[in-house]
Amino acid sequence: MRSFAATLWHLLGLAQPAAEPPRRRAGPPSSEAPTSRSQKRYDALVDQMKTAHGIRVHRWRSSTSGCAWELKDRRGAVTRMIESPYPRGPVSTAVFLHEVGHHAIGFNRYRPRCLEEWAAWEWSLAAMETHGITITQRVVRRRDAALRYAVSKAIRRGIKRIPAELLPWTPVGVVSTPSDHAGAVG
């Protein structure tokens, strides 16, 4: 039986070899792969946070970004969801805990939205300290970049007063009087 070339490149013999598979998966380590002691600590932290805060993971991301949200069904039952990188080191753990922090502190508890981001990062770093995970310079830089972005976004959207907690991440040249409130609502 004859076989046909899949593409013109195959027909001409110029097809590129198949790309190598990615080195790391986005999700938890496979059961076949040996896990290090530190990875076992991260795995235990994931299980603990999911149980303690009633969180479901929608998917594990391969990038160091995340998202947290709540779903409400017709009866009013709430499902807490996150997407984040699977914790494999300090930075991915900080992003994971930041997304958990949104659920732990509660949505819409802080106004403006950039202050909620700050509170979630503070919760994340406190959780890292509590669980004995080193807060590296890369973690601090990731937090700083995220908060600079949140403040810049709030400025683009027309924020009137930047909360005092966020002044260190305010872009140079922006003059703002700190708001009089501590940020918590109700």
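With neighbour counts taken as other beta-carbon atoms within 10 Å, the residues D47, D73 rank, fewest first, as D73, D47. Protection proxy ranking for 82-88, 105-111, using the average of other Cβ atoms within 10 Å per residue and placing the highest first: 82-88, 105-111. Between A6 and A52, the simple spin-label model (points 7 angstrom out along Cα→Cβ) gives 4.7 nm. Extents of the stretch 37-169, taken as max minus min of Cα coordinates on every principal axis and listed largest first, are 46, 45, 25 Å.
Readers should treat all values here as calculations from the given coordinates under stated rules, not as data from a laboratory. It should be emphasised that the depicted structure is a prediction, and the values quoted were computed from it without experimental measurement. Positions of Cβ are backbone-derived with ideal geometry, glycine not excepted, and every protein chain shown enters the neighbour counts.
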